[in-house]
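Peer 1: Mind looking over this structure? Questions follow.
The values are calculated or read from the model by the stated rules, or taken from the named source; none is laboratory data. Bear in mind the structure is a predicted one, so any value in this text is a computation, not a measurement. As a convention, Cβ positions derive from the backbone with ideal geometry for all residues, glycine included, and neighbour counts pool all protein chains shown.
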Amino acid sequence: MLAADPEAITHAVVHGASSLSAVIAASTVVPGSDAVLIMPIQVAMVVCLAKIHGREVSSSLLRSAATASVGQILGKGLSRTLLRYIPGPGNLIRASVAGGVTEVLGWATVADFRAEKGSARSN
């Protein structure tokens, strides 16, 4: 059972999505195939975070999440190209990049929601 504390739920969602992204990146053998699996995880993470923080899930929010995921795909492209032929260390590096980027995306989304909530209060 999840805790009723929104902060605890937020941490669970971001860390869970990041961990899952890392596992997928480490376990895929076809270069580039991890991006197809990680992008829906990141979009689902943003949707969950929006609900936790009382935000409406709009098409613009989903477009933002998808755009951020495309940024990850481009950023990881170089590391994938260079490391796909090094099985052990390459998998570890891909996992670190995917997990790290998903974690940053999650906390940036949370910070954005909190900033918008704070500016709405001051108006």
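Peer 1: Of all residues in the range 94-112, count the ones that are crowded, with 18+ Cβ neighbours inside 10 Å and of a type in the set (A, V, I, L, M, F, W, C).
Peer 2: 6
Peer 1: Can A68 be described as touching a helix residue (DSSP H, G or I) at 6+ places or on another chain (Cβ under 7 Å), in a helix (DSSP H, G or I), closer than 14 Å to T109 by Cα and at pLDDT below 85?
Peer 2: Values: touching a helix residue (DSSP H, G or I) at 6+ places or on another chain (Cβ under 7 Å): yes; in a helix (DSSP H, G or I): yes; closer than 14 Å to T109 by Cα: yes; at pLDDT below 85: yes.
Yes.
Peer 1: Can you confirm whether M45 is within 17 Å of H11 (Cα to Cα), surrounded by 18 or more Cβ atoms within 10 Å (Cβ to Cβ), at pLDDT 70 or above and under 11 Å from the mean Cα position of the chain (by Cα)?
Peer 2: Values: within 17 Å of H11 (Cα to Cα): yes; surrounded by 18 or more Cβ atoms within 10 Å (Cβ to Cβ): yes; at pLDDT 70 or above: yes; under 11 Å from the mean Cα position of the chain (by Cα): yes.
Yes, satisfied.
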